[in-house]
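The values are calculated or read from the model by the stated rules, or taken from the named source; none is laboratory data. Keep in mind that this is a model prediction, so the values were computed, not measured. We place every Cβ from the backbone using ideal geometry, glycine too, and count neighbours over all the protein chains shown. Remember, those area values only see protein heavy atoms, side chains included, never the ligands or the DNA or RNA. Shrake-Rupley method; radii C 1.70, N 1.55, O 1.52, S 1.80 Å.
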Amino acid sequence: MAAESQPEVPLAVRLPSTEKPLTVLHVSLYHPTQDPDTFANVPPKLQHDTNPLLVGRGPDAHLQLRLPCLSRRHLSLEPYREKGGTPLAFCLKALSRKGCVWVNGLTLRFLEQVPLSVVNRVAFSGIQMVVRIERGTSLEAFVCCFHLSSSPLIHRPQAEETDEWESKPQEQPPPSSGQRAPDHRGLLHGPSHPSPGGGTETQLQKEPSESMLC
């Protein structure tokens, strides 16, 4: 007697799921003018591959901000794999020749970069940005969720709302407070070692009351 034929089972049911959770970057944004046009092109959510995520005013920027003082490519968030590490790690790289980027107490100029920690305070051209990293296990992509804040995210003593304050004399941080990129072997994107300048320490003023977009 012939064996009964088994019903066809979809491949997705027969095979266990190999999908891994993505790393999520929660990015809060604030600008003192509260001009809605500044963030008009900010999406609620953006899934990105392991190429650098560009921030600027140019049409090729993945996070496009409408500010005339911004460079077309002002900075980038760049994923990489740490040696022996499984989750994606990130560094922030300054791409503007005409403006500084201030990150966690360090001042970055053109092509300087610094690795990011779990919570990061960033300021450039009057924009305040806080990046919180929620680790996932996927090495193929990551997700950015963008939030708009109605109140300041960062308090910088004696700082102004533009990068002009960076040219004022500042106390250089002690050697122990500086950060350097680790020796990234097996990088998805190979950032060079940063040589950031000094900066004033930031303090997170309070958790922002955000207008959640995702």
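For region 23-148, a simple Cβ point-charge model (Lys and Arg +1, Asp and Glu -1, everything else neutral) yields a dipole of about 300 debye relative to the Cα centre. Take region 23-148 with all the other protein chains still there, run a 1.4 Å probe, and you get 38 Å² of accessible area per residue. For region 23-148, just say rounded, prolate or oblate: build the C-alpha gyration tensor, square-root its eigenvalues into a ≥ b ≥ c, call rounded for a/c under 1.5, and beyond that prolate if a/b exceeds b/c, oblate if not. Taking the square roots of the gyration eigenvalues as a ≥ b ≥ c, region 23-148 is prolate.
With a 1.4 Å probe and all protein chains left in place, how much of the accessible area of region 23-148 comes from carbon and sulfur atoms, in whole percent? Reported share for carbon and sulfur atoms: 50 percent. Taking all Cα pairs closer than 8 Å and separated by 6 or more residues, the relative contact order of region 23-148 comes to 36 percent.
Summarising the label geometry, the points placed 7 Å from Cα in the beta-carbon direction at Ser117 and Thr137 lie 2.7 nm from one another. Principal semi-axes of the equivalent ellipsoid, √(5λ) from the alpha carbon gyration tensor of region 52-125, are 22, 14, 10 Å from largest down.
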